[in-house]
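Heads up: the structure comes next, in structure tokens.
The values are calculated or read from the model by the stated rules, or taken from the named source; none is laboratory data. All figures in this text were calculated on a predicted structure; none of them were measured in a lab. Note: ideal-geometry Cβ built from the backbone for every residue, glycine included; neighbour counts use all protein chains shown.
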């Protein structure tokens, strides 16, 4: 089944404790992206990747890192999480860079930082 | 940041009603317009990606139109059903090419509730 997977789905952590949210897609998509969703603010793009080893900042990259060493994986790294990073996170992928194709979203990761 | 705006913010309709809502975006350097449906406790699912002025797309009872010259897209739902209740999101890349080629900016969404 074609899908985007994220792990973990739920995470409660403490301020400053490094964490990684994994994202994997099995559709051989070139483009992958991370978003966060906060009430009243809609989906906001954190980072995106046009292909392996090619990543760039979205609209809200502060406090996050990403890497794209393999085509299928695009982990989101929070080196020192803070309470303002409490949010619902989505990973998405698309078949071609250029955004003229639909994005497929993962199931979401709900992160709480205390 | 590109301003992608959606209206109304929320909408309540009765089963069987037809409804529509709007996504507006700056018309300069238009590249593509995405529509997604996001049901509670699920992840967003693509409805349409539109690129051409005057484009009209349809999926079942849902259709969308695009006007790139004036910077808006309409999403129509004909004969709304309770299962259509969801948040409908539109999104657009800020420019065609350039250094922000992969950026995508979402509107805040229209929350549709269809009452039986």
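Every residue, every condition in (1) touching a strand residue (DSSP E or B) at 6+ places or on another chain (Cβ under 6 Å); (2) closer than 26 Å to residue A:107 by Cα, yes or no:
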{"site": "B:9", "(1), (2)": "no, yes"}
{"site": "B:23", "(1), (2)": "yes, yes"}
{"site": "B:31", "(1), (2)": "no, no"}
{"site": "B:37", "(1), (2)": "yes, yes"}
{"site": "B:68", "(1), (2)": "no, no"}
{"site": "B:85", "(1), (2)": "yes, yes"}
{"site": "B:88", "(1), (2)": "yes, yes"}
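Can you tell me which residue in segment A:68-113 is nearest to residue A:26 (Cα to Cα), limited to those that are away from chain B (no Cβ under 14 Å), assigned to a loop (DSSP other than H, G, I, E, B) and touching a strand residue (DSSP E or B) at 6+ places or on another chain (Cβ under 7 Å)? Among those residues, the one meeting the criterion is A:72. Each residue in segment A:1-16 was checked for being over 12 Å from the mean Cα position of the chain (by Cα) and part of a strand (DSSP E or B), and 4 of them qualify.
Residues that are under 14 Å from residue A:32 (Cβ atoms), in contact with a strand residue (DSSP E or B) (Cβ under 7 Å, 6 or more places away or on another chain) and part of a loop (DSSP other than H, G, I, E, B) within segment A:45-63 comprise just one, A:58.
For segment B:40-93, a residue qualifies if it is touching a helix residue (DSSP H, G or I) at 6+ places or on another chain (Cβ under 9 Å) and either in a strand (DSSP E or B) or surrounded by 21 or more Cβ atoms within 10 Å (Cβ to Cβ) (or both), and the qualifying residues are B:62, B:77, B:93.
Rundown of residues vs (1) more than 14 Å from chain A (Cβ to nearest Cβ); (2) in contact (Cβ under 8 Å) with a residue 60 or more places away in the chain, yes/no style:
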position: B:28; (1), (2): yes, no
position: B:33; (1), (2): no, no
position: B:42; (1), (2): no, no
position: B:45; (1), (2): no, no
position: B:51; (1), (2): no, no
position: B:81; (1), (2): yes, yes
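Filtered by the rule that a residue be under 17 Å from residue A:88 (Cα atoms) and more than 9 Å from chain B (Cβ to nearest Cβ), segment A:43-65 gives A:46, A:47, A:60, A:61, A:62, A:63, A:64, A:65. Under the condition of being within 15 Å of the chain's Cα centre (by Cα) and either assigned to a strand (DSSP E or B) or modelled with pLDDT of 95 or more (or both), the residues counted in segment B:10-38 number 14. Every residue in segment A:17-37 that is away from chain B (no Cβ under 14 Å) and outside any strand (DSSP E or B), please. Listed by number, the residues that qualify are A:17, A:18, A:26, A:28. Given the criteria within 9 Å of chain B (Cβ to nearest Cβ), more than 28 Å from residue B:52 (Cα to Cα) and without any contact (Cβ under 8 Å) to a residue 40 or more places away in the chain, does residue A:40 qualify? So residue A:40 passes the test.
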